[in-house]
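What follows is a single structure, written as structure tokens, with notes after it.
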Amino acid sequence: MLFQWHKTFGITILLLTLFRLAWRLTHKPPALPEEMPGWEKRVAHVTHWLFYLLLLSFPCWAGRWCPSSPRNIPTFLFG
């Protein structure tokens, strides 16, 4: 049962991440401070998008719900 709750919360976080990414793509973020050096701004943007990449790729990488998962454990969201 704990494994099912773990998967449920993981999928919920994935769906929230997709919602957040859609929001981010349709709404302009606030500007970074002008006194921030250019290289720091670039690093901030790259880091931000890398976090999205990790949040979106980790569930599949973990292999818990991918079609190619060797465990074939069914997922029941919220019981």
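I want to confirm something. Restricting to the stretch 66-79 and keeping residues that are in contact with a Gly (Cβ under 9 Å, 6 or more places away or on another chain) and either exposed (fewer than 12 other Cβ atoms within 10 Å of the Cβ) or closer than 30 Å to PRO29 by Cβ (or both), which single residue is modelled with the lowest pLDDT? The extreme case among them is PRO70.
Take the residues in the stretch 7-33 that are in a loop (DSSP other than H, G, I, E, B) and more than 13 Å from HIS48 (Cβ to Cβ); name whichever of them is most open to solvent (accessible area, probe 1.4 Å). Per the criteria, the residue is LYS28.
Here TYR52 passes the criteria (1) surrounded by 10 or more Cβ atoms within 10 Å (Cβ to Cβ); (2) among the aromatic types (Phe, Trp, Tyr); (3) modelled with pLDDT under 85 except the one numbered (3).
The values are calculated or read from the model by the stated rules, or taken from the named source; none is laboratory data. Because the structure is a prediction, the values reported are computed rather than measured. For neighbour counting, all protein chains shown are included, and Cβ atoms are generated from backbone atoms with ideal geometry for every residue, glycine included. Just so you know, the surface numbers come from the protein's heavy atoms only, side chains and all, with ligands and any DNA or RNA stripped out. Shrake-Rupley method; radii C 1.70, N 1.55, O 1.52, S 1.80 Å.
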